[in-house]
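**Student:** My questions will all concern the structure given below.
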Amino acid sequence: MISNDTALMAHLLRRAGFGANRNELEEYLAMGYDGAVEALLNPSDPGNMPDDLIRRYHVEQSELRDLAGSAAYWMYRMISTSCPMEEKTALFWHGLFATGYAKLNQARSLLNQVEMFRRSGLGSFEELLVELSKDPAMIVWLDNNENHGTAINENYGRELLELFSMGIGNYSEDDIKGCARAFTGWTLGNAEYMSIRASKDSIWPYGRIAWHFDYREEDHDDGEKTFLGETGNFNGEDIIAIIVKQESTARFVATRLFQFFAADVITEAGEKTIEEMMATYFSSGYEIRDMLRTLFHSDYFKSEEARFARVKGPVEMVVGAIRMAGNYQNPALGIEKVSNTMLYMGQGLLQPPTVEGWHEGSEWIDSGALVERVNFAAKELSDVSSPGVRSIIHRLEAGADQGVLDPADLADGCLDLLGPIEVSEETRSVLVEYAARQGDLDLSGHQPGDEAEKRVGNMLRLVAATREYQLA
Amino acid sequence: MTTTKREKSLIVIQLSGGNDYLNTVVPYSEGKYYDYRSTVNIPQDKVIPIDDRYGFNPSMGPVKFLWDERKVAIINGIGYQNPNRSHFRSMDIWHTAEPDSIGKEGWLGRAIRDIDPLGENVLTGINFGRGLPRALACPGVSVASVGDLDTYGLFPDVQDEELRMFTLEAFSKMYGGAAGRDPVMELLGQTGQDALQGADILRTAPAMYKSSVEYGPDSLAQNVKSISQVFHANLGAKILYTQHGPFDTHSGELLSHAKLWDEVAGAIGCLMDDLKEHGTEDDASILVFSEFGRRIQDNGSGSDHGSAGVAFMIGGAVNGGMYGEYPSLAEAEQIDGDLRANNDFRSVYTGILEDWMGLDAAPIVNGQFEKFDLFKS
């Protein structure tokens, strides 16, 4: 029987990470739930290979201009990290402050933005918005380099309020203008040089360098502005200080965190948790880490209702299956192909479709995407030569009486070790029936890749193809 | 869905990477062309003349053959205002018909929704190749993406046929079972069954198809062959999409561009022969486009990203001929060293949607655009 502690810890690690294999799960269980929450929320050394070493294997990642190599690089970081919450948080902000390669043609600046999310994504929301407003990729993405003291461009000012903080309906068109004026002069230091480089669209002779932020006093409109009922000679930081004070901002941030880290659909109990997170937002001085701590300790989060209440996003699906199978722990050929698989499922890293990010939840599911999801996870988890799958086989053998599993043991054992995953009675009976076709499984004396091991692989394939496996 | 009168289908071949307009439809009588393209040019004596001013790239023999039969519409100077030289952004613009803001829905996704609003046929729109081009993406619209028609479906990596059959059977039971009250589980169940059903139907296509046409070994030819198989299986597929590339010829252009056009023209020639053999020449039209053309001045080995390009509409029902003006190479007429677009791509979309597919174009392409008379009435 699977203990509730194990199931709850697996749930936490699906949300604050990309799921966990049994070894990881046991390490976190040893810390206890509260200890695990703190370890996840306070990332230390992610243990990834240094970039210069990675690039010996991946020349395409050296230059980091190119989209495919850069997306694969981030995926490798997600696969290999021992601080999964750091990458999960970066993925959250990447979806919320969605900045895409299409307009930038500059993956290096995008990866710098992701690094900023790693560094600041669990800290103060006020500081995060200031960093975001100075982020070169964002400045280009939403045209703040075209926002001048003499002629404003409202794009960033508008989206900062609508998509990044308060949400539509909580400010006026005049507030947008005031906001945009405050961010005039927040621009790029090397724009002219970079635009010459871009017009040649050449990486030669020195490769791409990243944009950097520059504040140009002479292009800043220092006049009086009225914003959300307050008046002053506001600069960008002043505007952000006003934004973060708003109740609507607290609700917006809490809701988005809830939907990404807890459940796609907000129930009554979920609404109560969002309100607790809003209270923490104010009491902590806008700290994201504290809001998430409130979430992870809430009754709602620990309840059955929150389990499997999210459709796995493609990145979670791919990274989760690879981590479970134990593949790509070091940079390896073929990682770009795997990274493209996420794109085929509808979520290409560094290329959100619009500034609104991805439509998540049930919108991940369409027939083309489902075929990709099932085929990928089924293939990844059925390969008995993968280290993670070998470990599952050893655990199954060790847990069985004399190494013999009856069909129900095999189905339940695989469901347990891939999660534990809870499935409907119908699903379980199909799994058991599938195993029963070949009777009891004798794993004693199994050899790598033999028929007995392949039967485990076949069961893992089928579990990876269940409806329930689509959920996190 | 069986109909005796076949309905019209659109086949799209996307040339990814920015096809070099100047070396596709070559202005071989213009001295300026040879001035700007001192290295990366098609010599006068190699061009396949269309008239005394323009000629096809020498790799486009099969297209010239169709041109002579008046089945090829050349749409000159196609693009949009304020050109964007990023592959991704420009392709997005073509896919979503939204040059000014970032669009959410693909134009063909919207078309599929209009053709089959209830989503009754899971095969109304099909992409051949992996992943879904944004042109076909639209919330709530199911589009099959077929990497390889012969292995399309679930668990293609399972070699043992018996094992694969058992696994598919189990999948079908798991996705067909009662979903309870949970709408997400229900959606998953329905989608899984749609995917199985689509795969089952699609897998019948190759067996139903006979043809004496031999397609080439390259990926485009194979995808186009799959398109022909599915089209001729009468499965109600209205939009069949594929892409080829990379046309991003920054260096070594003459060789790579020639090879690509050998493949594109070859595949188009085979497909048209195939349609003729099946008596379906007037039932399918082929759109060929690229996200932009290339810089007027060559870079010594290839050409860099540019603006206006060329599109083709090909088919038995197409009014062959030259449409629109070839943009001037004169310096005053250029836009930052590029050919200036004088035909909005959405006017071509409008013509296809209204005159070929019988749909209301304005809501799909986000506005009213004058159209060419591309199709025989």
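The values are calculated or read from the model by the stated rules, or taken from the named source; none is laboratory data. Predicted, not measured: the structure shown is a model, and the values here were computed from it. Ideal geometry is used to build each Cβ from the backbone, glycine not excepted, and the neighbour counts take in all protein chains shown. Just so you know, the surface numbers come from the protein's heavy atoms only, side chains and all, with ligands and any DNA or RNA stripped out. Shrake-Rupley method; radii C 1.70, N 1.55, O 1.52, S 1.80 Å.
**Student:** With θ set to phi - 60°, apply the Karplus curve 6.51 cos²θ - 1.76 cosθ + 1.60 along the stretch B:360-367 and write out the HN-Hα couplings as whole Hz, x wherever there is a Gly or Pro.
**Tutor:** Those phi angles translate into 7, 7, 3, x, 7, 9, 6, x Hz.
**Student:** Moving to a separate point now. Compare the peptides A:426-439, A:175-188 by average per-residue count of other Cβ atoms within 10 angstrom and give them in order, highest first. Please list the in-between numbers first.
**Tutor:** Values: A:426-439: 17.9, A:175-188: 23.0.
Put in order of decreasing packing, that is A:175-188, A:426-439.
**Student:** Starting from the amide H of residue B:55, placed 1.01 Å from N in the peptide plane, find each other amide H under 5 Å away whose residue is 5 or more places distant or on another chain.
**Tutor:** For residue B:55, whose amide H was placed from the backbone, the distant partners under 5 Å are B:26, B:28, B:50.
**Student:** Turning to a different aspect of this structure: Would you compute, from DSSP H runs of 4+ residues alone, the mean residue ellipticity of the protein assembly as shown at 222 nm, taking -39500 (n - 2.57) per run and dividing by the full residue count, rounded to the nearest 500?
**Tutor:** Working: 34 runs with 391 residues, N = 849.
Result for the protein assembly as shown, helices only: -14000 deg cm²/dmol.
**Student:** Lys and Arg at +1, Asp and Glu at -1: add these up for the other residues within a Cβ distance under 12 Å of residue A:146 and post the number.
**Tutor:** Values: positive: none; negative: A:143, A:154, A:219.
Net charge in that neighbourhood comes out at -3.
**Student:** OK, next. Looking only at other chains, what is the average number of their beta-carbon atoms within 10 angstrom of each beta-carbon in A:457-465?
**Tutor:** Working: counts 0, 6, 0, 0, 6, 6, 0, 0, 9.
What the average comes to for A:457-465 is 3.
**Student:** Work out the mean other chain Cβ neighbour count within 10 Å for the residues of A:372-380 and drop it here as an integer. Kindly include the intermediate steps, with their values, before the conclusion.
**Tutor:** Working: counts 6, 0, 6, 7, 0, 0, 7, 4, 0.
That works out to 3 on average.
**Student:** How large is the charge dipole for the stretch A:145-185, taken about the Cα centre, if only the Cβ atoms of Lys, Arg (+1) and Asp, Glu (-1) carry charge, to the nearest 20 debye? Working shown, then result.
**Tutor:** Numbers: 3 positive and 7 negative charges, 23 e Å.
Dipole magnitude for the stretch A:145-185 comes out near 120 debye.
**Student:** Is the C-alpha gyration tensor of the stretch B:252-332 telling us rounded, prolate or oblate? Criteria: a/c under 1.5 is rounded; beyond that, a/b larger than b/c is prolate, otherwise oblate. Walk me through the intermediate numbers first.
**Tutor:** Numbers: a/c = 3.69, a/b = 1.72, b/c = 2.14.
Cα axes put the stretch B:252-332 in the oblate bin.
**Student:** Sticking with this structure for a sec: Once you order the gyration tensor axes a ≥ b ≥ c over the Cα atoms, which shape class does the stretch B:196-265 get: rounded for a/c under 1.5, otherwise prolate or oblate by comparing a/b with b/c?
**Tutor:** Values: a/c = 3.47, a/b = 2.22, b/c = 1.56.
Prolate, because a/c is 1.5 or more and a/b exceeds b/c.
**Student:** Now for a different question. Taking only the alpha-carbon positions of chain A and ignoring solvent, what does the Debye formula give for the base-10 log of I(q)/I(0) at q = 0.10 Å⁻¹?
**Tutor:** For chain A, the Cα-only Debye profile gives -0.78.
**Student:** Share of the stretch B:310-377's accessible area from carbon and sulfur, percent, 1.4 Å?
**Tutor:** On the way: 1180 of 2800 Å².
Roughly 42 percent, rounded to a whole number.
**Student:** From the square roots a ≥ b ≥ c of the eigenvalues of the alpha-carbon gyration tensor of the stretch A:151-284, which class results: rounded (a/c under 1.5), prolate (a/b over b/c), or oblate? Can you show the working numbers first?
**Tutor:** Working: a/c = 2.90, a/b = 1.51, b/c = 1.92.
Oblate, since a/c reaches 1.5 and b/c is not below a/b.
**Student:** Take every Cα-Cα distance within the stretch B:12-113, group them into 5 Å bins from 0 onward, and report for each bin the whole-number percent of pairs it holds.
**Tutor:** 2, 11, 17, 18, 16, 15, 12, 7, 3, 0
**Student:** Provide a whole-number value for the mean count of partner chain Cβ atoms within 10 Å of the Cβ atoms in peptide A:229-240.
**Tutor:** Details: counts 0, 0, 0, 0, 0, 0, 0, 0, 0, 0, 0, 0.
Shielding by partners across A:229-240 averages 0.
**Student:** Among A:35-46, B:122-133, what's the highest-first ranking by average C-beta atoms within 10 angstrom per residue? Please list the in-between numbers first.
**Tutor:** Working: A:35-46: 15.8, B:122-133: 23.2.
Answer by packing, highest mean first, reads B:122-133, A:35-46.
**Student:** Given a cut-off of 21 Å, name the pairs among A:379/B:238; B:238/B:259; B:71/B:376; B:276/B:371 whose C-alpha atoms lie farther apart than that in the structure shown.
**Tutor:** Values: A:379/B:238 32 Å; B:238/B:259 30 Å; B:71/B:376 10 Å; B:276/B:371 28 Å.
From the list (A:379/B:238; B:238/B:259; B:71/B:376; B:276/B:371), the Cα-Cα distance tops 21 Å for A:379/B:238; B:238/B:259; B:276/B:371.
**Student:** Okay, moving on. At what distance in angstrom do the alpha carbon centres of the stretch B:14-34 and the stretch A:65-116 lie from each other?
**Tutor:** Between the Cα centre of the stretch B:14-34 and that of the stretch A:65-116, the gap is 37 Å.
**Student:** Residue A:213's amide H: which non-local residues (gap 5+, or another chain) put their own amide H closer than 5 Å, with H modeled 1.01 Å from N in plane and none for Pro or chain starts?
**Tutor:** A:189
**Student:** Would you mind computing, in nm to one decimal, how far apart the modelled labels at residue A:408 and residue B:210 are, each placed 7 Å from Cα along Cα→Cβ?
**Tutor:** About 5.5 nm separates the two model spin labels.
**Student:** Would you tally the net charge around residue B:102, using a Cβ to Cβ cut-off of less than 15 Å, leaving residue B:102 out, and scoring K and R as +1, D and E as -1?
**Tutor:** Values: positive: A:103, A:158, B:89, B:104, B:134; negative: A:143, A:159, A:162, A:356, B:92, B:98, B:100, B:105.
Once all neighbours under 15 Å are counted, the net charge is -3.
**Student:** Give me the percent of accessible area attributable to carbon and sulfur for the stretch A:281-435, probe 1.4 angstrom.
**Tutor:** On the way: 2530 of 5320 Å².
After summing per-atom areas, the C and S share lands at 48 percent.
**Student:** So, R0 is 60 Å and r is the distance between the beta-carbons of residue B:52 and residue B:169; what FRET efficiency does that work out to, to 0.05?
**Tutor:** Values: r = 66 Å, r/R0 = 1.09.
Efficiency for this residue pair is about 0.35.
**Student:** A further question on this structure: Round to a whole angstrom and tell me the spacing of the C-alpha centers of the stretch B:86-153 and the stretch A:337-357.
**Tutor:** Spelled out, the Cα-based centre of one part sits 15 Å from the other.
**Student:** What trypsin sites (Lys or Arg not before Pro) does the stretch B:167-259 have in DSSP loop regions with at most 16 other beta carbons within 10 Å? Could the numbers behind the result be given before it?
**Tutor:** Numbers: sites: B:173, B:181, B:203, B:210, B:225, B:238, B:259; in loops: B:181, B:210, B:238.
Filter output for the stretch B:167-259: B:181, B:210.
**Student:** Please list the radius of gyration and Dmax for the stretch B:71-228, considering alpha-carbon atoms only, with Å as the unit.
**Tutor:** Computed over the Cα atoms of the stretch B:71-228, radius of gyration and Dmax are 19.0, 57 Å.
**Student:** Using only the alpha carbons of chain B, determine the length spanned along each of the three principal axes and report them from longest to shortest in whole angstroms.
**Tutor:** 71, 45, 41
**Student:** Chains B and A: buried accessible surface, both sides, probe 1.4 Å, rounded to 100 Å²? Spell out each step's value before the answer.
**Tutor:** Numbers: alone 16870 and 19230 Å², together 32260 Å².
Looking at B and A, the buried total is near 3800 Å².
**Student:** Quick check on the protein assembly as shown: what are the equivalent-ellipsoid semi-axes from the Cα gyration tensor, as sqrt(5λ), descending, whole Å? Numbers along the way, then the final one.
**Tutor:** Numbers: eigenvalues 406, 285, 114 Å².
Those come to 45, 38, 24 Å.
**Student:** Still on this structure: Return one whole number: the accessible area per residue of the protein assembly as shown in Å², for a 1.4 Å probe. The partial results should precede the final answer.
**Tutor:** On the way: 32260 Å² over 849 residues.
Heavy-atom accessible area per residue stands at 38 Å².
**Student:** Using a 10 Å cut-off on Cβ atoms, rank the peptides A:317-324, A:334-341 from the highest mean neighbour count down. The partial results should precede the final answer.
**Tutor:** Numbers: A:317-324: 27.4, A:334-341: 18.5.
Most protected by this proxy first, the peptides run A:317-324, A:334-341.
**Student:** Continuing with the same structure: Using each residue's phi in the stretch A:400-408, evaluate 6.51 cos²θ - 1.76 cosθ + 1.60 at θ = phi - 60° and report the 3J(HN,Hα) Karplus result to the nearest Hz, with x for Gly and Pro.
**Tutor:** Going residue by residue, I get 9, 6, 6, x, 9, 10, 7, x, 5 Hz, with x marking Gly and Pro.
**Student:** Can I ask one more? Residues of the stretch B:94-137 that become at least 50 Å² less accessible with every protein chain present than in their own chain isolated, using 1.4 Å: which are they?
**Tutor:** B:102, B:104, B:130
**Student:** In sequence order, what are the phi-derived ³J(HN,Hα) couplings for the stretch B:135-148 according to the Karplus relation 6.51 cos²θ - 1.76 cosθ + 1.60 with θ = phi - 60°, rounded to whole Hz, with x for glycine and proline?
**Tutor:** 4, 9, 8, 7, x, x, 9, 8, 10, 7, 10, 9, x, 9
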